[in-house]
Structure formats: C-alpha cells, structure tokens
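A quick write-up on the structure given underneath.
The values are calculated or read from the model by the stated rules, or taken from the named source; none is laboratory data. Just so you know, these numbers come straight off a predicted model, no measurement behind them. Reconstructed Cβ throughout: ideal geometry from the backbone, glycine too, with neighbour counts over all protein chains shown. Note: accessible area is taken over every heavy atom of the protein model, side chains too, but ligands, DNA and RNA are not part of it. Shrake-Rupley method; radii C 1.70, N 1.55, O 1.52, S 1.80 Å.
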Amino acid sequence: PSCFGYPLSIFFIIINEFCERFSYYGMRAVLVLYFKYFLQWDDNLSTAIYHTFVALCYLTPILGALVADSWLGKFKTIVSLSIVYTIGQAVMSVSSINDLTDHNRDGSPDNVSVHIALSMTGLILIALGTGGIKPCVSAFGGDQFEDDQEKQRTRFFSIFYLSINAGSLLSTIITPILRAQECGIHSKQRCYPLAFGVPAALMAVALVVFIIGSRMYKKVQPQGNIMTQVSKCIGFAIKNRFRHRSKEFPKREHWLDWASEKYDKRLIAQTKMVLKVLFLYIPLPMFWALFDQQGSRWTLQATTMDGNFVAIQIQPDQMQTVNPILIILMVPVVDALVYPLIKKCKINFTPLRKITVGMFLASLAFVAAALVQVQIDKTLPVFPAAGQSQIKVINLGTDNATVWFEPQIQSVNVTSMESTAYMTFETSQLKSFNITSGNKIKTQLIKLSEGNRYTLGVKNNATDIVAELLFDNVTSKPEEGNNLIRFINNLPDTINITMGDTSFGTLASLSGSNYNLFPGGRRYEITAIINSMPCSVTSKTLGFGSAYTIVINKCSGEVLDVTYSEDIPPNTVHMAWQIPQYFILTCAEVVFSVTGLEFSYSQAPSNMKAVLQAGWLLTVAVGNIIVLIVAGASKLSEQWAEYVLFAALLLAVCIIFAVMAYFYTYIDPNEVEAQLDEEEKQVKKDQDVYEKQAEADSQM
C-alpha cells in the first residue's frame, strides 16, 4: 500500500522515530540535574557520568548493526532492543522515586545507593536500546523503497532528520516543565519520576506503533555484515604484509593490495575508499567533545543564571531547546540562502571546507561560553576555605558602632541599621572582638569552627551592648533559582513569624531563625504576631539564587518595618546571554554534522554506508570520552579556563584537519565501480576467447 507515492509503512517508521527521540532527549535533558540534585553528586561527577552514558549510546550502534546484519535482521533487532529500551526507561523512572527509600519522610532518600544502582542499570539498558536501534531504523526505512524511488528516498531521509529534531525539541521543552513540578507521596520534591516516566511511556508507544505496521514492512533478509568482511580484509592485508616484510618481495602500490591473495579486487578497492574517509574522521571527535557539553556543563552554567523572561520563568535544562529550535529554522535557511550566496561569490565551499568552518565555529562558541562564565563568576560569593571563617556585622541599634577583631586583625565601622560584607579570617588567629558604640565598650571571647560563616548582631541598648553571634548554615549558593531567607527579631518582645506559607516559629528578642528556601521571582507576605497582634508587610521581589537576613525592627499601625541584609547576592547574569553561544554552536552543527554524513556517503561505495555510519557514530562516542579525559586531567578550578582549554584544543585540531583536507582528493565511487565492472567484463571476454581457442585447438 502506498500514500502520496510513499510506501505506507514509512509513516509508522517516522512516528516510531519521533517517539524514540522524544524519549531519549527528554530523559537526557534532565539527566545532569537529576545527578546533581537528586543523587547529590557534585558538578564534576555529574558531568563525567553524563558523558560516559552518551559515549555508551554511541558505541552500542556498532553492536546493533552487527546483530541486525548477521543474525536477527533489522525488524527483529528493532523490536527486541526497543523492549530492552522501554524497560530501561521504566527502571530510570522508578529509580527517581524519592519515597522508595525515604522512610523517615524528610524529603531526601535515606538509601541513595539503591537509587544509584537502579539508575545506572536503567542507563545501561537505555544505552543498549537507543544505540542498538539507531543504525537499524533509518536503514530499515531506506529498505522500504523500490530502486526507482530514489527521489522519495532522499525526501524520506530529510523528513526523518526533521522528526528527530521535532522529537528532541518537544521533549526538551516538556520534560523540564515536568521536572519542575512538585510531587511525592509523603513529602513534595521535584518530579523526576514524571520527567522520566513520560519518556518511558512514549518509548512504549513507539514500540507498539512499530509492531502495528509489521504486516506492511518489506523485510530484507540479513546478508551478513559488511563490517566483518572489511575488518577481515584489513587484518589479512596487515598480516600478509608483515610476513613479506623482507627486501626480496616487490613492494605493492598500496598496503591493502597485500590482501589480493585472498580477497577479490572489488572488496579491496571499496575498502581503500572507506579507509580514506575514516582517516579523515580521526580529528572529528574533538568537535563532539564540545558539542555534547550543552547537556552537561552549559546546563550547569544555566543553574547559576537568572531565568526570568518577563512573564515566564525558564528552567536551566530548558535552555537546551535553543539548539533544536535553531536547527529547525536554520537547516532550510542555510540550504536555500547561505550556500547559494557563497556560490554566487565564486567561492568553492567544498564539504571539507564546511567541516573545517564548523570546527572553527564550535571553538568560538566555547570562547563565548567562557566570556559568560567570567561575568557569572563576578557575581558568585566567595565562601571560606579550610582553616578560614567569615563574619559579617549587622548593627541593630540606633548608634553607630565600631568592632575590633583581636588580636589587632582588623576593625570595621557600622552605621545604624546597616550591615557589612563578609570578612574572612584565619580561624586559629581570631580570639576575641570588642565593640564600642556610643560611650560603651564590650569585649567578648570568640571560638569559631573553620569553613563556616557567622553573623554578628550588635545593639547598643540603654544599659549595655548586646552582641549575638549567629551561625550561618550556608556553604553554597542556593540552587535552581531558589532563595534562602531567615529573620532576626530586633523587637523587645518574642514574636511568631510566617512568610508565605512557611512558618519560622517563635523568635525571642535579638535571636535569629534558621534559613528556609523560597522560589525566586516573586513577592511574599511577611506576618509577625507580636503580643497576639498580627503585623504584616509584603516582601520585595526576590531574585534567583540569593540569601537574605530580614531584620524585623518595629510595627507601626499593623505595618512591619523591616531591613534587608544581603548574605548572598542573587544571580544577575541573564540566561539570555547563553543564546549567542548556542547560536554559534548550532551554526557549527549545521555545517558540520549535516555535511559530514553527506560527504561520507558521496565518497564511498553504496554497500559501505553501514561502515561509515558506524565510524561517524564512533567519533561521537570518542568525543564524549575526550570530555572525561580533559575534564579529569586538567586540574582547572576555574570553569571559564576549562572552556578556553576546550576551545584551544578544537582550534588546534581544526588546523590539523584543514591541512589533511587540503591534501585530500575527491573521488566518485560510481566511476571506480564502473571501472571495476569494465575490468571484470574484459577478464571474462579474454577468458571466453581463450576457451573458444582451446576448444578449436582440441578439435583439430
């Protein structure tokens, strides 16, 4: 059955691909944040495991292709691995259910190793599934066409690429929204089970859709895998060359010609073409090393930025959608506008030049990311290192005060109702402080624990100076755009404080509360009950990622008078500043990745496409392994320096590639094949002539 001149079965395959990509990219979009916030891993471990997973997803296609071509056939391979895949997604979803091990119901898992074990199992199954079916689905789609449907087939591949990007676009918008919801049985937290569960459901849909179309498919029998033949041929050539390494054997034109004793001329000629392309692939992994950091480092960068776009609050993991949106817009623009313009300017923009430009652009994108990072670093607070403590002073009284940190370390003046920034001390050196305010002096011994922050509240009362040292239990900036708020009661009476729906409990005079988390980008109602009289005020609009100490000073006419002391400044660098780096990287992807596959196919015989596809996917896997090695080996504490390092590495590789490309000569595989056909015909002709001659001779 056909529809619009296409085999009907194609539509099932495209829907299947859309669901599968939705499932994969949706899961991948929230993955690094799941590691960081749910499994509580630090940035480096999260990045490392993320890239290990991506690398696995691109190594398994080689397995999938072997299984499909030599044993099960494409259809059965897709079905059986999709089942594995669906199970993996389901396991992933279960692994993120907090209530699974949270027996004390405090909102964080009691036994994290159970969650880690489950999610690693899930990820391995997903890598097997997604990788295994990746090479089969597109090829299986190609198999559905007759030989005379060349035009429809090319159209199919571009629709196929579009469905991949549509799936990835929708899922990178939707899954982060699901993740940002609150859910849970006993305690509410970010909804990872839903964010992983929806992809799992879609994978199941993909599987069902694919099986429904089963009757219509044209199923080609597995014909043995070309990859095994190619590797055997190469192996034999090397072995044979090594056996004949002494001087007396004549040299051969190409080292692969040493395989001619065992393999036919055609296979050797085809293998030569493949190797020529694969040699050019060697520098390409460096590009992927940068490209795939969108999901790890760049997403983590977005968590330290301000995501307030006028009416909407953007989640850090949603910034990744910029890439598929731009791809969908730019592929047609580049094809219809940019390339023809370049052609008009009489520039010969060969495929290899495009790839070189793509590498250069990706390295630029990382320079842009580094510049943004430098701006972010300026806004990040410095926390005390080991052996240090930090103190800030808040003057709660009406007189100015001077605080001396002894023995003679430093002094600081604080005007009434003001606070200082945090001052850093060597913990072992700081012994005491004395305060002068008005005409009074007070000295107090002090013992701090290292690596912590403290706030010193100072007040000159009618009788004496009161000094209250509060422990600030904060050693990192609040994550995900939340804010930390606490209160100091500067009234003579005991009060009861609530802010929004959160109760801070009862506060005695001149004491401080603990910090509580509040989502950013909005205002909250602050209510204090003083001698059973409510008194309230609306807070200022909170930013993202800040911490404040709010001092309650007095209540006049049921309106609270409060002052804000900023403990940690909010994220001020806007997420929109990430758009330039995404834009440059997407330009790079358009000229690099689309061209790369086209180029590979144009330079190798038709039956070798699988080998090249495998080689291409292998470059992605190696690229992700490079991230692990570089990020692990470089002991760079500064994130911007790591971005610059990657940019520099890619630039160096880009120059090497440009040189390699300069010496590359383009071939037309069809011509080579035609020549081989011609030679074979000639040999056959000669044989016939010889046989006839022999026959004639024998009759004499």
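Per-structure values
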quantity: Out of 557, 615, 543, sole residue that is small (Gly, Ala, Ser) and under 30 Å from residue 383 (Cα atoms); calculated: 543
quantity: Selection from the range 448-499 of residues that are in contact with a Lys or Arg (Cβ under 7 Å, 6 or more places away or on another chain), under 28 Å from residue 533 (Cβ atoms) and not in a strand (DSSP E or B); calculated: 491
quantity: Condition check for residue 595: surrounded by 15 or more Cβ atoms within 10 Å (Cβ to Cβ) and closer than 29 Å to residue 515 by Cβ; calculated: no
quantity: Sole residue being over 34 Å from the mean Cα position of the chain (by Cα), within 17 Å of residue 567 (Cβ to Cβ) and open to solvent by 20 Å² or more (accessible area, probe 1.4 Å), chosen from 500, 505, 512; calculated: 512
quantity: Residues located in the range 211-268, provided they are within 30 Å of residue 10 (Cα to Cα) and among the aromatic types (Phe, Trp, Tyr); calculated: 217
quantity: Single match in 113, 171 (criterion: under 24 Å from the mean Cα position of the chain (by Cα) and crowded, with 20+ Cβ neighbours inside 10 Å); calculated: 171
quantity: Which listed residue is free of Cβ contacts under 8 Å to residues at least 60 places away in the same chain, assigned by the TED database to the domain that holds residue 110 and under 19 Å from residue 121 (Cα atoms), from 45, 63, 39, 33; calculated: 45
quantity: Given (1) touching a Gly at 6+ places or on another chain (Cβ under 8 Å); (2) farther than 13 Å from residue 128 by Cβ, index of the condition residue 67 fails; calculated: (2)
quantity: Flag if residue 393 is within 30 Å of residue 471 (Cα to Cα), touching a residue at least 12 places away in the same chain (Cβ under 8 Å) and either open to solvent by less than 80 Å² (accessible area, probe 1.4 Å) or part of a helix (DSSP H, G or I) (or both); calculated: yes
quantity: Residue in the range 354-366 that is hydrophobic (A, V, I, L, M, F, W, C), out of contact with any Cys (no Cβ under 8 Å at 6 or more places or on another chain) and farther than 30 Å from residue 479 by Cα present; calculated: yes
quantity: Residue among 413, 400, 395, 348 that alone is of a type outside the set (A, V, I, L, M) and within 36 Å of the chain's Cα centre (by Cα); calculated: 348
quantity: Test: residue in the range 74-88 that is farther than 20 Å from residue 25 by Cα, open to solvent by 50 Å² or more (accessible area, probe 1.4 Å) and in contact (Cβ under 8 Å) with a residue 24 or more places away in the chain; calculated: no
quantity: All positions within the range 513-540 that are hydrophobic (A, V, I, L, M, F, W, C) and over 24 Å from residue 382 (Cα atoms); calculated: 526, 528, 529, 530, 533, 535, 537
quantity: Members of the range 355-390 that are touching a Lys or Arg at 6+ places or on another chain (Cβ under 7 Å) and either in a strand (DSSP E or B) or within 23 Å of residue 648 (Cα to Cα) (or both); calculated: 390
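Here's the yes/no breakdown for (1) open to solvent by 40 Å² or more (accessible area, probe 1.4 Å); (2) assigned by the TED database to the domain that holds residue 355:
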| position | (1), (2) |
| --- | --- |
| 618 | yes, yes |
| 621 | no, yes |
| 630 | no, yes |
| 633 | yes, yes |
| 664 | no, yes |
| 670 | yes, yes |
| 675 | yes, yes |
| 696 | yes, no |
